[in-house]
Amino acid sequence: MRRMMIEKLFPQPVTNNYTGHTLAKWVFAALTLITIGRSLVHMFAADGGAQSIASIALDTFSQGGANTVITVFGLWGLSQLIIGLLYVIVLWRYQSLIPLMYAFFSFEYFMRLLAFLYTPGLAKLETAPGEIGNIIFLPLGLVMLWLLLRAHQA
C-alpha cells in the first residue's frame, strides 16, 4: 500500500493520464483559478490587497512602512502566480502530478497555520479572507489528497 501511495505521488513516467477521483480534479481546477486570481490582486491592486482585502491598517503606517507592506504583498502575489501557473501546466499536460500538487498545497497551508506560532502576526482591523482560507484549505487539500491516494487500490 505504501508503494502504491509513493507511485501516485511520484508517478513514473509523468503523463497526462489522470486516474484519480473526479471531484479532486475539479477542486484542483477551482483552486488553480483561486490561486491565480488572488495572485493578480496582490500584484496589481494599488495597496496589494493589504488594506482593501487583508484589512491591514496601512494608513497607520509611515509612508515607507506602508510601501514596504505593499511591495511584500506584490512579491507574494508573484509567488502565488508562479504556483498558479504550475497548477495550470499540471492540469494541461501533466495530470498524473495532481496528487503531488495536493501534497504541496496541503503543506503550504499547514505551514501558514504554523507560522502564527513563530511570527508576531499582523495587526488587522478585521479577520481577513486569507485567514479563513488557511483554515478551510488545509483540510480540503488533505481530503482531496486522501481521495487520490486511496483511489483504485485493490
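Some points to look at:
- Test result for Phe104, without any contact (Cβ under 8 Å) to a residue 24 or more places away in the chain, open to solvent by 50 Å² or more (accessible area, probe 1.4 Å) and of a type in the set (Phe, Trp, Tyr): yes
- Where a residue in region 39-55 is touching a residue at least 40 places away in the same chain (Cβ under 8 Å) and its partner, wherever it lies, is surrounded by 16 or more Cβ atoms within 10 Å (Cβ to Cβ), with Cβ under 6 Å and at least six apart: Ser39/Gly77; Ser39/Gln80; Ser39/Leu81; Ser39/Gly84; Ala54/Ala128; Ser55/Ala128
- Matching residues in region 1-14 - criterion: being open to solvent by 50 Å² or more (accessible area, probe 1.4 Å) and either touching a residue at least 60 places away in the same chain (Cβ under 8 Å) or part of a loop (DSSP other than H, G, I, E, B) (or both): Met1, Met4, Met5, Phe10, Gln12, Pro13, Val14
- Take the conditions (1) in a loop (DSSP other than H, G, I, E, B); (2) of a type outside the set (Ser, Thr, Tyr); (3) over 20 Å from the mean Cα position of the chain (by Cα); Ala54 misses just one of them, which is (3).
- Any chance Val143 is at pLDDT 95 or above, open to solvent by 30 Å² or more (accessible area, probe 1.4 Å) and within 29 Å of Tyr18 (Cα to Cα): yes
- Breaking point among (1) outside any helix (DSSP H, G or I); (2) modelled with pLDDT of 95 or more, for Gln153: (2)
- Region 68-85 residues that are crowded, with 17+ Cβ neighbours inside 10 Å, paired with ones that are acidic (Asp, Glu) (beta carbon under 6 Å, 6 or more apart): Ile70/Asp47
- Index of the failed condition, Asn17 passing every other in (1) part of a loop (DSSP other than H, G, I, E, B); (2) open to solvent by 80 Å² or more (accessible area, probe 1.4 Å); (3) under 23 Å from Pro139 (Cβ atoms): (3)
- Residue that is in a helix (DSSP H, G or I) and under 22 Å from Phe10 (Cα atoms), where the choices are Leu113, Leu147: Leu147
- When Leu85, Leu125, Leu91, Leu75 are screened for being aliphatic (A, V, I, L, M) and over 22 Å from Gly49 (Cβ atoms), only Leu91 passes.
- Restricting region 116-127 to residues that are hydrophobic (A, V, I, L, M, F, W, C) and part of a loop (DSSP other than H, G, I, E, B), the residue that is least open to solvent (accessible area, probe 1.4 Å) is Ala123.
The values are calculated or read from the model by the stated rules, or taken from the named source; none is laboratory data. Note that this is a predicted model, so its numbers are computed, not measured. Backbone-built Cβ (ideal geometry, glycine too); neighbour counts: all protein chains shown. Surface accessibility is based on the protein's heavy atoms, side chains included, excluding ligands, DNA and RNA. Shrake-Rupley method; radii C 1.70, N 1.55, O 1.52, S 1.80 Å.
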